[in-house]
């Protein structure tokens, strides 16, 4: 925690001193004020990227050279042209979110862990370097049954560890009512998953490993009331198979040794759910104001005689505050991002919940610094605080630095939400933001060790 405080003070100090120097020199390159006294640059890039947030000359020189090279060879314009050309043909290099039961984030990601206490490196990594989606729209307004048919199919591939294939059919504006109907078929295969047991005090040395395959078919009816509101009601049938890990490089115990684990042999589930989403972000790629609120409730029941029956509640709320706009010493192009999310599972009539559908904490989308799937239990609650600070910008291209703090609880009953069971992680990150693309690189530390994340188009 002391390390995080020092980092925040360090960044604030750089911003304050650099801004003060910029004001003293009468240099305001971001406002574009013709009356201000500015120094004529050698070229466009070198003027704009001389950001007050950069106080280290070496970093400045490296970015300058890269930016000049990008300008000279028109790299950015060529990449955008290529992207626009392939998307016009329906091919997207990154899968969009299709809103399935587990809510796996789309895009490409890579996790890498270092755990000194166990003398282990990369005990769990998630690499999804290939993610391609084909989307085609057909205008059917002449048939008076809807406005458009949208067809999606995708492949997301992570070497030997992860496969995700699917197909989605969507009928928009049914009978000119503004409603839509979509049906999704999806297959997922994760060859190496970790399970350490249930509860907040489980030891990381007691790990099990397993492989999980899921095939699902879903049907949903929804309505988009505006650009901000969306409500959806749907059903899903899933067949889940649990096997021994196919590539247990970490030599963890096979899941078959956990004799009393609910769902150890897999199951078939039938579910019905309702979701509500509200989005007021001013920019999905780089929000500075507004936020989003997502709520989901679903009921799942085992079929073929399996005694599973439970209700799942999920919420995910994020808000973005343009703190630099109101506190100049924090630099004008900075924002505070706040997120709180959780999941509650309630078993009904003494029925059970399969272990693979319990709430989870750990990884790049919850408490960073802990490895993916580090904690399991019936309920989870976590928060994220992230201060994002622009260190380079030109036109629609930016590089942000950030400091963040994550924390939360995993628990069976609400009475177990105590400070001594609180889990936390903190770290630093950078985001490269270009049109239609965001690359996030982060490093986070927790009681377990250190995790590094590289993600494309993160959800927060």
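No value in this document is a laboratory result; all are computed from the given coordinates. Only a predicted model underlies this, so the values are computations on that prediction, with no experimental measurement involved. No Cβ is skipped: glycine too gets one built from the backbone with ideal geometry, and neighbour counts run over all protein chains shown.
Computed from the Cβ-Cβ distance with R0 of 30 Å, the FRET efficiency linking residue 459 to residue 185 stands at 0.80.
Packing-based ranking of 397-403, 311-317 yields 397-403, 311-317, ordered from highest to lowest mean Cβ neighbour count within 10 Å. Sorting the segments 369-378, 76-85, 349-358 by their mean number of nearby beta carbons within 10 angstrom, highest to lowest, gives 369-378, 349-358, 76-85. Among rounded, prolate and oblate, which fits the stretch 352-460 when a ≥ b ≥ c are the square roots of the eigenvalues of its C-alpha gyration tensor, a/c under 1.5 means rounded, and a/b larger than b/c means prolate? The shape class here is prolate. The calculated FRET efficiency for the pair residue 203 and residue 420, based on their C-beta separation and a Förster distance of 22 Å, comes to about 0.85.
Taking label positions 7 Å along the Cα-Cβ direction at both residue 260 and residue 173, the computed distance is 5.9 nm, reported to one decimal.
How big is D for the stretch 74-456, in µm² s⁻¹ as a whole number, if Stokes-Einstein is applied with the Kirkwood radius of its Cα pairs at 4 °C and 1.567 mPa s? Translational D for this selection: 58 µm²/s. Need one word for the stretch 219-336: rounded, prolate or oblate. Basis is the Cα gyration tensor (sqrt eigenvalues a ≥ b ≥ c); a/c below 1.5 gives rounded, then a/b vs b/c decides. Since a/c reaches 1.5 but b/c is at least a/b, the shape of the stretch 219-336 is classed as oblate. Residue ranges 136-142, 303-309, 428-434 sort as 428-434, 303-309, 136-142 when ordered by packing (mean number of other C-beta atoms within 10 Å per residue, highest first).
Taking a point 7 angstrom from the Cα of residue 239 along the C-beta vector, which residues in the stretch 179-221 have backbone N less than 13 Å away? Under 13 Å, as judged by backbone N against the label point of residue 239, lie 186-188, 213-217 of the stretch 179-221.
FRET efficiency for the residue 134 to residue 432 pair, using the beta carbon distance and R₀ = 22 Å, is estimated at 0.25.
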